[in-house]
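Novice: Got a structure for you, written out below as structure tokens; questions coming shortly.
The values are calculated or read from the model by the stated rules, or taken from the named source; none is laboratory data. Keep in mind that this is a model prediction, so the values were computed, not measured. Here the Cβ positions follow ideal geometry from the backbone for every residue, glycine too, while neighbour counts run over all protein chains shown. SASA here: full protein model, heavy atoms, side chains in, ligands and nucleic acids out. Shrake-Rupley method; radii C 1.70, N 1.55, O 1.52, S 1.80 Å.
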Amino acid sequence: RETKDQGSGNRMSSIYGLSGLQEGMLFHNLYDEGVGAYMKQFVCALPGVVPEVLVESFRHLLRRHTILRSGFYHDAFSTPMQCVWEEVTLPVDVQDYRHLPAGEQQSAIAAYEEADLKKGFDFSRAPLMRVGLLRLGDDHYRMVWTSHHILMDGWSVAVLLEELQSVYEQLLSGGMAAEVQEDRYEDYIRYIESKDKQAEEGWWRSYLSGIERPVLLPYIDEVSDRTKGVGVYQQEEMEMDEAFTERVRQYAQRQRVTVNTVIQAVWSYVLYRYTGEAEVVYGVTVSGRPEELSGIEGRVGLYINTLPLHTHIDEEREIGEWLRELQSGQVASRQYEHSRLSDIGKWMGWRGDMFDSLVVFENYPMRREVRGRRWKLDLQNSLIRGRNNYPLTLGIG
């Protein structure tokens, strides 16, 4: 049945449910009271950009990827649903700061970006993204691309930026953007909905057996909203030099595990020492991209998922053996990496949060020819801002 968007005459092209992580983000948006968790902001300098061509390039991305035309509705149906609209209008805001001295420009930029993050989004109004173009010189702009994490993961951002540069180059040369097959996020939702829930439950019950109480950070106040993104968040960066990084890689190779497993083991041991719990559990982010879906590397959407990692700490055990067991558990969990955290908690009979720290190992693929090419859309000094609802996240990239 066709449905029309009130006020715009726009037609809905598809309607389907949400992934578990999408539902969690929607929940936090409804109850965060202005906290602003899961807002994402990509900023960069754009020397020599042609704004009209850039905006048209973004429109191409919206036409190609259905998730970018999706609105989210928590109370219009019996369960939360996402609806894809045939056409949406990307909000673009252009500000001219050329008249300001350099110092005042920087203050104006900071104020704009902070205010833009605080705006949030109306989840029922697609798209849940907008672009700000701050003009700093006659041919120099700063782009502020703000979106909600419910739309896409970091891998998807890398895909979109590559597409944006490619389409911009085609349009700038007077050509037409190549027509490509529509990328339907619905394919992924239908895929995870077809999974055997009974098998999922059995596996998670076995993997998480032995956990009797939460493993929570000891320096966080015992409050009910400890994982609701409340409070003041800060970011600390630590850069490991090439020599240290190579030593970690070589150690991982000798133990026949990945660097990710080594990081997970380190954090497991830190939690053990600080909490005194030998049965350690915390959150990890998995890519969630099923090989069964064609062209999965180039798809855009929220494919990642947050799942519990469980390990037992025994100081008498040989470290290499423990590392390999830790990795074996993670490999085995891949067939159930689409499970909802809420379902896992229900199956285990958990009440409240079982963990409040998250480890994110970022390893987004980028083709060599893309990485080394000089694009006409030159994204300089880029960075991404954003945070989740956990009091502590360890990001490795």
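Novice: Before we move on, is TRP347 among the aromatic types (Phe, Trp, Tyr) and under 28 Å from ARG249 (Cβ atoms)? Write out each step before concluding.
Specialist: On the way: among the aromatic types (Phe, Trp, Tyr): yes; under 28 Å from ARG249 (Cβ atoms): no.
No, not satisfied.
Novice: Can you pull out every residue in segment 86-119 that is closer than 22 Å to LEU61 by Cβ and in contact (Cβ under 8 Å) with a residue 40 or more places away in the chain? Show your work before the answer.
Specialist: Of the residues in segment 86-119, the ones closer than 22 Å to LEU61 by Cβ are 86-94, 113, 116-117, 119.
Within segment 86-119, GLU86, GLU87, VAL88, LEU90, PRO91, VAL92, ASP93, VAL94, GLU113, ASP116, LEU117 qualify.
Novice: Give the residue, chosen from MET129, MET176, MET143, that is open to solvent by 70 Å² or more (accessible area, probe 1.4 Å) and aliphatic (A, V, I, L, M). If you could, list the steps in order and put the result at the bottom.
Specialist: On the way: MET129 fails: open to solvent by 70 Å² or more (accessible area, probe 1.4 Å); MET143 fails: open to solvent by 70 Å² or more (accessible area, probe 1.4 Å).
Answer to the selection: MET176.
Novice: Here is a follow-up. When you go through (1) free of Cβ contacts under 8 Å to residues at least 40 places away in the same chain; (2) in contact with a Gly (Cβ under 7 Å, 6 or more places away or on another chain); (3) not in a helix (DSSP H, G or I); (4) not polar (S, T, N, Q) one by one for ASP75, which number turns out not to apply?
Specialist: Failing condition for ASP75: (2).
Novice: If you don't mind, there's one more thing I want to ask. Looking at (1) in a loop (DSSP other than H, G, I, E, B); (2) among the basic types (Lys, Arg); (3) surrounded by 13 or more Cβ atoms within 10 Å (Cβ to Cβ), which one does ARG98 not meet, given that it meets all the others?
Specialist: (3)
Novice: Looking at (1) of a type in the set (Asp, Glu); (2) more than 27 Å from ARG340 (Cα to Cα); (3) in contact with a strand residue (DSSP E or B) (Cβ under 6 Å, 6 or more places away or on another chain), which one does GLU277 not meet, given that it meets all the others?
Specialist: (2)
Novice: Ok, one more. For segment 206-222, give me each residue that is of a type outside the set (Asp, Glu) and either in a loop (DSSP other than H, G, I, E, B) or in contact with a helix residue (DSSP H, G or I) (Cβ under 6 Å, 6 or more places away or on another chain) (or both).
Specialist: Residues satisfying the conditions are LEU208, SER209, GLY210, ILE211, ARG213, PRO214, VAL215, LEU216, LEU217, PRO218, TYR219, ILE220.
Novice: Got a sec? Which of ARG190, ARG125 is part of a loop (DSSP other than H, G, I, E, B) and more than 20 Å from SER382 (Cα to Cα)? Step through it out loud before you land on a result.
Specialist: Values: ARG190 fails: part of a loop (DSSP other than H, G, I, E, B).
Exactly one residue qualifies, and that residue is ARG125.
Novice: So, of the residues in segment 40-55 that are touching a residue at least 60 places away in the same chain (Cβ under 8 Å) and more than 25 Å from the chain's Cα centre (by Cα), which turns out to be surrounded by the fewest Cβ atoms within 10 Å (Cβ to Cβ)? Give the derivation first.
Specialist: Looking only at segment 40-55, we keep the residues that are touching a residue at least 60 places away in the same chain (Cβ under 8 Å), and these are 40-51, 53-55.
Those still in the list that are more than 25 Å from the chain's Cα centre (by Cα) too: 47-51, 53.
Details: PRO47: 12, GLY48: 10, VAL49: 21, VAL50: 17, PRO51: 15, VAL53: 17.
Top of the filtered list is GLY48.
Novice: What are the residues in segment 241-273 that are over 28 Å from the mean Cα position of the chain (by Cα), touching a residue at least 24 places away in the same chain (Cβ under 8 Å) and surrounded by 13 or more Cβ atoms within 10 Å (Cβ to Cβ), if any?
Specialist: Result: GLN255, single match.
Novice: Answer yes or no as to whether GLN105 is more than 28 Å from VAL167 (Cα to Cα), surrounded by 15 or more Cβ atoms within 10 Å (Cβ to Cβ), at pLDDT 95 or above and not hydrophobic (A, V, I, L, M, F, W, C).
Specialist: yes
Novice: Among the residues of segment 78-94 satisfying the criterion of being farther than 25 Å from ILE109 by Cβ and part of a strand (DSSP E or B), which is most open to solvent (accessible area, probe 1.4 Å)?
Specialist: MET81
Novice: Restricting to segment 195-212, name every residue that is in contact (Cβ under 8 Å) with a residue 60 or more places away in the chain and among the hydroxyl-bearing types (Ser, Thr, Tyr).
Specialist: Residue satisfying the conditions is TYR207 alone.
Novice: Does LEU151 meet the test of being crowded, with 22+ Cβ neighbours inside 10 Å and out of contact with any helix residue (DSSP H, G or I) (no Cβ under 7 Å at 6 or more places or on another chain)?
Specialist: On the way: crowded, with 22+ Cβ neighbours inside 10 Å: yes; out of contact with any helix residue (DSSP H, G or I) (no Cβ under 7 Å at 6 or more places or on another chain): no.
For LEU151, the condition - crowded, with 22+ Cβ neighbours inside 10 Å and out of contact with any helix residue (DSSP H, G or I) (no Cβ under 7 Å at 6 or more places or on another chain) - is not met.
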